[in-house]
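Each remark here refers to the structure printed beneath this line.
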Amino acid sequence: MKDNRTVAVLGATGYIGGRLVAALLERGWRVRAVGRNPEKLRCRPFAAHENVELAQADALDQPALTEALRGCHAAYYLVHSMYPGVKNFEDRDKRAAIIMRDAAKEAGLERIIYLGGLGDMDKDLSEHLKSRMEVGEILGSGPVPLTWLRAAMIIGSGSASFEILRYLVDRLPVMITPAWVKSLCQPIAVTNVLEYLAGCLENPETAGRTMDIGGPDILSYRDLFDIYARVAGLRQRLIIPVPVLTPKLSSYWIQMVTPVPASLSRPLAEGLRNKVVCRENSIRELVPARLLTCEEAISRALDRTVRHEVETCWSDAGLQRVPEWIDCGDAPYAGGTVLESAHTLTLAATPSQVWKAIVRLGGDEGWMYGNWMWKIRGICDKLIGGPGLRRGRRDPDQLRVGDALDFWRVLVVEENRRLRLLAEMKLPGEALLQFDVDEERPGRTRVTLRARFLPRGLWGIVYWYPLIPVHGPLFRGMLTALARKIGGKILFGPITPPKEGSQCRL
């Protein structure tokens, strides 16, 4: 161990934060992983490590944040609000930065380390990059010394930038692009970002400094497309720049072709017009590291993606808000009628056999039955700005709380017992899909598939009832296909079970 001091990581369940916690532990630090959702924290691989503390705090809750930081030597600030469902992320990020600045002082922190975006503050800077700059300035305005690292595109398996690059080149042999395809950038491998973040903590000379971080290559986005195609073994793509195609318009086709939603792709696309190249390289002397070339970074990221070894993903980030009506509350009719469609089936199998099939749903595996219907729903969702099915899943065999699963978000994973998914597709209401596995006796298991929906206004009602004739065949087909998949003889069903009322775990 380095010493007995504790380092806080805010945003520990996000893309960089989840990897940084593991990197700090490998270097012998004690880490306090801070996040909004305790379930997401507990499901992370680092949660059981002897040198990890888990702390729940929202970046906009100063008392909770101060308490989470108390007793820590330093804190990494890896928080942003650019995720689906959040409007005016710039204002939210400013408020969070002010709270962090003040909480750091009150908690007695010695250092803040912040990872922001690269760019020059001028009128042409995109709103996303401008917001990242403002956050750094706010954090640096307090008495706690700030180390501010500024990065351009981060290339790593599961990063939003890499996923956009991968899907565009994989799917489009011909690309009509705006002028930003000629803009220069200095990508950096996520491995090097983690080295710099951890290295700054170990070098006191980095305190109170702002440093640009980038890889050894300065490239245009067109160059990036060519490099990816070469690494992936694809033919070189035909790229046709069109001056009239604005970054905002290009964000719409990015959203249609890639799994990254408009709420994230739009700010990123608008930032592509800016030249993001390091103006100074002092970090290379203070924290020496072998920088991966862009080709090496893409090769590593692609290899880990193909081998399904993606530790964290861009879709991990964001607030996982659990609707109150799902578990606790008043009578089912309180606050609105919860509509339900459910089917159950009993088969000759063990709960573990059934669970192995359920936990592999989605992504490339599909949904066992009626995949064409799921695909149509995904296309419709994409057209109206939702995530669609292209997010897939982080790992083909494992699910953890907080994972994105096509257009669902994993809420509950109780092995051999329950999988609960919250819909993130565009809906006039809130929807839940739940699989319950119950052992009736050894070798005999009951599986229940239940969809629940809390409509929002008249459109919610209009949306739900036409789907009832679809849900019946779809759910019965899924249960029957599940039995067939695991080789379990159907003993009873599928039938419609009694409606499940509101339950409270308290």
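Coordinate-derived values only; no laboratory data. Note that this is a predicted model, so its numbers are computed, not measured. As a convention, Cβ positions derive from the backbone with ideal geometry for all residues, glycine included, and neighbour counts pool all protein chains shown.
Miscellaneous remarks
- Over the chain: helical MRE at 222 nm, DSSP H runs n ≥ 4 each giving -39500 (n - 2.57), nearest 500: -11000 deg cm²/dmol
- For the stretch 178-302, the average shadow cast by the Cα convex hull is 8.7 nm², which is a quarter of the hull's surface.
- Inter-label distance, LYS426 to LEU458: 2.1 nm, where each label sits 7 Å from its Cα along the C-beta direction.
- The phi torsions of the stretch 21-34, fed into the Karplus equation with coefficients 6.51, -1.76 and 1.60 and a -60° offset, translate into couplings of 4, 4, 5, 5, 5, 5, 8, x, 7, 8, 10, 9, 8, 10 Hz, rounded to whole numbers, with Gly and Pro shown as x.
- Estimated from the Cβ-Cβ distance and a Förster radius of 35 angstrom, the FRET efficiency linking VAL470 and LEU60 is about 0.30.
- Mean Cα-pair separation over length for the chain, i.e. relative contact order, pairs under 8 Å, 6 or more apart, %: 14 percent
- Helix axis angle, 371-383 relative to the chain longest principal axis, alpha carbon, degrees: 40 degrees
- Extension gain (nm, one decimal) between ARG417 and GLN236, 0.36 nm per residue minus Cα-Cα: 60.3 nm
- Chain lengthening between ASN203 and SER141 when straightened (0.36 nm per residue, less Cα-Cα): 20.2 nm
- In terms of surrounding Cβ atoms within a 10 Å radius of their Cβ, MET153, MET175 rank from fewest to most as MET175, MET153.
- The angle between the Cα long axis of helix 89-107 and the main principal axis of the chain comes to about 70°, on a 0 to 90 degree scale.
- Mean Cβ neighbour count within 10 Å, used as a protection proxy, ranking 38-48, 294-304 highest first: 294-304, 38-48
- Derived scalar couplings between HN and Hα for the stretch 249-255 equal 5, 5, 5, 5, 6, 4, 5 Hz in order, rounded to whole Hz, by the Karplus curve 6.51 cos²θ - 1.76 cosθ + 1.60 (θ = phi - 60°), x for Gly and Pro.
- Between amide H atoms placed 1.01 Å from N, distances below 5 Å from ILE176 occur with ILE240, all of them 5 or more places distant or on a separate chain.
- Distance between modelled label sites at ILE176 and ARG484, nm, 7 Å Cα→Cβ extension: 4.2 nm
- The alpha-carbon positions of the stretch 1-144 define a convex hull whose volume is 110 Å³ per residue.
- In percent, rounded to a whole number, the relative contact order of the stretch 368-445 is 19, using alpha-carbon pairs under 8 Å and six or more apart.
- Between ALA57 and GLY35, ARG36, the built amide H atoms are under 5 Å apart, and every one of these is 5 or more places off in sequence or on another chain.
- Kirkwood Rh, angstrom, the chain [1 / mean 1/r, Cα pairs]: 24.3 Å
- What the Cβ-Cβ distance of GLU106 and ARG42 gives, at R0 = 30 Å and to the nearest 0.05, is a FRET efficiency of 0.65.
- Given charges at Cβ of Lys, Arg, Asp, Glu: the chain dipole, positive-most of MET256, LEU347, THR206: LEU347
- Restricting the GluC sites (Glu not before Pro) of the stretch 198-272 to loop positions (DSSP other than H, G, I, E, B) with no more than 13 neighbouring Cβ atoms within 10 Å leaves nothing.
- Violating pairs (Cα-Cα greater than 21 angstrom) within the set LYS356/LYS382; LYS356/LYS426; LYS356/LYS485; LYS94/LYS130; LYS182/LYS275: LYS356/LYS382; LYS356/LYS426
- Per-residue Cβ neighbour rank within 10 angstrom, fewest leading, TYR465, TYR15, TYR76, TYR167: TYR465, TYR167, TYR15, TYR76
- Using a Förster distance of 25 Å, the FRET efficiency for ASN281-ALA229 (Cβ separation, nearest 0.05): 0.30
- Note that the stretch 470-476 has calculated 3J(HN,Hα) couplings of 7, 4, x, x, 5, 5, 4 Hz, one per residue in order, obtained from phi through the Karplus relation 6.51 cos²θ - 1.76 cosθ + 1.60 (θ = phi - 60°); glycine and proline are x.
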